[in-house]
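The values are calculated or read from the model by the stated rules, or taken from the named source; none is laboratory data. Note that the structure is a prediction, hence the values are computed from the model and not measured. Heads up, the Cβs are rebuilt from the backbone with ideal geometry, glycines too, and the neighbour counts pull from every protein chain shown.
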Amino acid sequence: MTLTVTALVVAGGGSTRFGADKLDQPLGGTTVLGHLLDSLPPDWPVVVVGPTREVARPVTWVREERPDGGPLAAIDAGLGHVDTDLVVVLGGDMPFAGPVARRLTETLTEALSDSDDFGVTATTVRGRSRGGHPLLTAYVTEVARTAMPRSPYAGRAGALLEAVPHLVLKVASDDLLDVDTPEQLEDARRRLEA
């Protein structure tokens, strides 16, 4: 079964722990956000929810009705621009998540033929649970739309994930690295140099 996929990248936020726009920080000849976008499959459409930034890849830029409404509101805004079978929600501050996103969609595609799971999330913990990373999850698009809370503003990022039956895929902890602090940015740069 071949299903189409869109990457929905949550790229708003105030970068309060970082002190500047963390997604625009230099990383590997591009930026944190650029590194993530470059690592996604080239045939996937990409919807980025957040302020417009300079990126090399063609993307659709979207904003929530009320900017800074939180990641759940960003996902809700982005879903309105997705017209593929599956959607992968990613945090824009996760520069190494592209290959994991592909694995999530492959796992979900396989699961749909013989299970009632409509999502797959990444974790560094083994097993099947309600856990996982809400900003690194693949969903059946229509299921995600239906499961979205009525008032997504200021809602928890995990609320959508908790509403959708899903599998949990174990991945390497480095693949889940998110850049929230200058120290984590240095960790990401060291990974590229290794």
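For region 9-28, taking the residues that are at pLDDT below 95 and more than 21 Å from Val47 (Cα to Cα), the one that is surrounded by the most Cβ atoms within 10 Å (Cβ to Cβ) is identified as Phe18. Could you check how many residues of region 24-48 are more than 13 Å from Gly91 (Cα to Cα) and β-branched (Val, Ile, Thr)? Counting residues in region 24-48 that are more than 13 Å from Gly91 (Cα to Cα) and β-branched (Val, Ile, Thr) gives 2.
Within region 44-69, the set of residues being over 14 Å from the mean Cα position of the chain (by Cα) and closer than 11 Å to Thr6 by Cβ comprises Val59, Thr60. Residues in region 80-101: is at least one charged (D, E, K, R), touching a strand residue (DSSP E or B) at 6+ places or on another chain (Cβ under 7 Å), under 21 Å from Val48 (Cα atoms) and surrounded by fewer than 18 Cβ atoms within 10 Å (Cβ to Cβ)? Looking for residues that are charged (D, E, K, R), touching a strand residue (DSSP E or B) at 6+ places or on another chain (Cβ under 7 Å), under 21 Å from Val48 (Cα atoms) and surrounded by fewer than 18 Cβ atoms within 10 Å (Cβ to Cβ), one finds none in region 80-101, hence no. Checking Gly12, Gly19 one by one, the residue that is more than 16 Å from Ala188 (Cβ to Cβ) and in contact with a strand residue (DSSP E or B) (Cβ under 9 Å, 6 or more places away or on another chain) is Gly12 and no other. Checked against the criterion of being in contact with a Pro (Cβ under 7 Å, 6 or more places away or on another chain) and modelled with pLDDT of 95 or more, region 92-110 contains one or more residues that satisfy it. Of all residues in region 163-190, those satisfying the criterion of being closer than 14 Å to Pro26 by Cα, part of a helix (DSSP H, G or I) and not polar (S, T, N, Q) are Pro182, Glu183, Leu185, Glu186, Asp187, Ala188, Arg189, Arg190. Among the residues of region 146-187, just one is in contact with a Gly (Cβ under 6 Å, 6 or more places away or on another chain) and exposed (fewer than 14 other Cβ atoms within 10 Å of the Cβ), namely Ala154. Residue count for region 63-79 satisfying the condition of being surrounded by fewer than 20 Cβ atoms within 10 Å (Cβ to Cβ) and farther than 21 Å from His133 by Cα: 4.
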